[in-house]
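Undergrad: Have a look at the structure that comes next, please.
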Amino acid sequence: MTRACVISHKSPMEANYGLLCAMCYDGLRSALQGAPNALQHLREIYVMRSPMELDTPKPLKKDPPAPFNLDAWQLAEDMWQALTGGYIPVKWNHFQIYGKAKEVCQALHQDIDNLVNRKEVIYLMPLVKTLGQALYRYPLEEKSRTTLLPCPSCNLKTVYSPPSEFGDDLQVKCHSCGFVIPPEKMAFYANLAERERA
C-alpha cells in the first residue's frame, strides 16, 4: 500500500521519500541550500545599517537608522523558526546569521534522508514556502532598468544599475556606448528610474 505525502496538496501525492513526495523533497533540499543567503539578505534589508556599523559593538553617532522593515524581519524569523524552532538573536549581524544558518542547513541537508522518515519533518516544511515568499518580495539581485531619458552621448536608452550589495554605488550607463552618467546627474536619473518602476 502506498503512503501519501504528509504535506497537503490539491490532489494526494505519493510519498516517495519517507513521508514526502518527490516535489516536497526537492523543495526542501532546495530551500536548505538557499536559506542562508536569503536570511543574510533579509537581515540586511530589515535593519539597513552599514556593514561597518554591524561589525562594531558600539553604535556609531551619525544619521538615524532607516525605518525598520517588519515584513523582512517576520520572513527571516519565520524561516529561522522553521530551521531551529527558536528566534534569531537580536545582537547577531548579517554575517553571524549567515554563518549559523549555513551550519544548520548543512547539517539538516546531510541528514535529509533520515529526516524525511520522521514526523518532525513537517515542522521544517514551512521553510520552503517562506523562502519562496522572501525571494519574491526581496530578490537577491535587482535587475537593471532602462530610463526614458536617452544617453547624452549617443542618444540611446540609458540603464539604471541598482547596487548589488548593501553599500555599493549605483551606476547609470549606456548599454550601447558605455557612457556613465556623471555623479552630479546620478540622483536625477536614479530617481527617474525609480519613478518609472512604480
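Undergrad: Among Val116, Val6, rank each residue by its count of other Cβ atoms within 10 Å, from fewest to most, as a rough exposure measure.
TA: So the ranking, lowest neighbour count to highest, is Val6, Val116.
Undergrad: Just to verify a number: FRET efficiency for Ser11 and Glu103, C-beta to C-beta distance, R0 = 30 Å, to 0.05?
TA: It comes out at approximately 0.20.
Undergrad: Multiply the residue gap between Asp71 and Gln110 by 0.36 nm, knock off their C-alpha separation, and tell me the result in nm, one decimal place.
TA: 11.0 nm
Undergrad: Using a basic spin-label model with each label point 7 Å from the Cα along Cα→Cβ, how many nm lie between Phe95 and Glu184?
TA: Simple spin-label model gives 3.8 nm for this pair.
Undergrad: Stretch Gln133-Gln33 to full length: gain in nm at 0.36 nm per residue minus the Cα-Cα span?
TA: 34.4 nm
Undergrad: Once you have the Cα-Cα distance between Tyr123 and Leu149, take 0.36 nm times their residue separation minus that, and quote the gain in nm to one decimal. Spell out each step's value before the answer.
TA: On the way: separation 26, 0.36 × 26 = 9.36 nm, distance 5.06 nm.
Fully extending the segment from Tyr123 to Leu149 adds 4.3 nm.
Readers should treat all values here as calculations from the given coordinates under stated rules, not as data from a laboratory. Being a predicted model, the structure only gives us computed values, none of them experimental. When we count neighbours, we look across all protein chains shown, and the Cβ atoms used for this are built from the backbone with ideal geometry, even at glycine.
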